[in-house]
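Heads up: the structure comes next, in structure tokens.
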Amino acid sequence: MDFFELKTEQAKLSYRIKLEDTFSEIKTIGAAECQVLGNKLLATVVVCEFPSFEVKEYKSYVLDNPLPHKLGFEAYREIPAIIEAVNQLDEEPEVLLVKGSGVLHPRRIGIASHLGLELNIPTIGVQDKLTFGTLQEGKIILDGTVLGFEIKTKEFSNPLFVSPGHNISVKTALDIVSKSIVHPHKLPEPLHLAHKLGRKVTRNKE
């Protein structure tokens, strides 16, 4: 990978990211995450009713020879597989939760933001580790701006870090994730289901 070229592309794309809500209410919510399958990458996408979280459908896609992992460039490794899985859906979700960062990124275009641009749907990044930004009283500051929040979803568990991806505001991203926690799961329910379904597929392929 030519990282200088990718950085330049990210900087250009970041100008197109919108942190404003492009919807008034949502009836479906989805989640996407990738898991390593040997030297391959498995993307799983789930679509649920909102707010019941009843699963409407889910799809997966195995990508051969993905690009290597590099912090800040996860989109280039994972997005090709996620898009293939999304393309199999009968209906795209109105909002998509993505395992990874949204605008909490040096060029404000983490995987959730990049994927939101590619699919032109509202996205939210959910991380279990804070890779970029500074935590101050539950708010995540990057370059002097509040771009995300820490959220404690389960007692005795580490917190999650939430940031908007694209076509959604910081406040609404936090609100939706908060409403998507189903006890006793730590992850928002759509991401929990995507992870669970992904593990099932990987076990069948191992």
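Descriptive notes on the structure:
- List Phe73, Phe156, ordered by accessible area with a 1.4 Å probe, largest first: Phe156, Phe73
- Rolling a 1.4 Å probe over the protein heavy atoms of the chain, with every protein chain left in place, gives an accessible area that is 48 percent carbon and sulfur.
- Going by accessible surface with a 1.4 Å probe and the largest first, Ile124, Ile83 read Ile83, Ile124.
- Remark: the stretch 1-151 carries 49 Å² of accessible area per residue (probe radius 1.4 Å; ligands, DNA and RNA excluded).
- CD proxy at 222 nm, helix term only [per DSSP H run n ≥ 4: -39500 (n - 2.57); per residue of the chain; nearest 500]: -9500 deg cm²/dmol
- Taking the stretch 51-88 and a reference point 7 angstrom along Cα→Cβ of Asn120, the backbone N atoms nearer than 16 Å belong to 87.
- Highest-first arrangement of 48-59, 104-115, 163-174, 183-194, where packing means the average Cβ count within 10 Å: 104-115, 163-174, 183-194, 48-59
- Placing dummy labels 7 Å off each Cα toward the beta-carbon, the span from Asn158 to Arg16 is 3.3 nm.
- Computed over the stretch 96-172, the P(r) tail beyond 18 angstrom holds 31 percent of alpha carbon pairs.
- Point-to-point label distance, Thr134-Lys40, nm (Cα→Cβ direction, 7 Å offset): 4.5 nm
- Whole-angstrom gap from the stretch 122-193 to the stretch 6-39, using each part's C-alpha centre: 14 Å
- Working value for the stretch 1-115: equivalent-ellipsoid semi-axes of 25, 20, 10 Å, each the square root of 5 times a Cα gyration tensor eigenvalue, largest first.
- Ranked packing of 25-34, 87-96, most packed first, by mean Cβ within 10 Å: 25-34, 87-96
The values are calculated or read from the model by the stated rules, or taken from the named source; none is laboratory data. Source: prediction; values computed, not measured. As a convention, Cβ positions derive from the backbone with ideal geometry for all residues, glycine included, and neighbour counts pool all protein chains shown. SASA here: full protein model, heavy atoms, side chains in, ligands and nucleic acids out. Shrake-Rupley method; radii C 1.70, N 1.55, O 1.52, S 1.80 Å.
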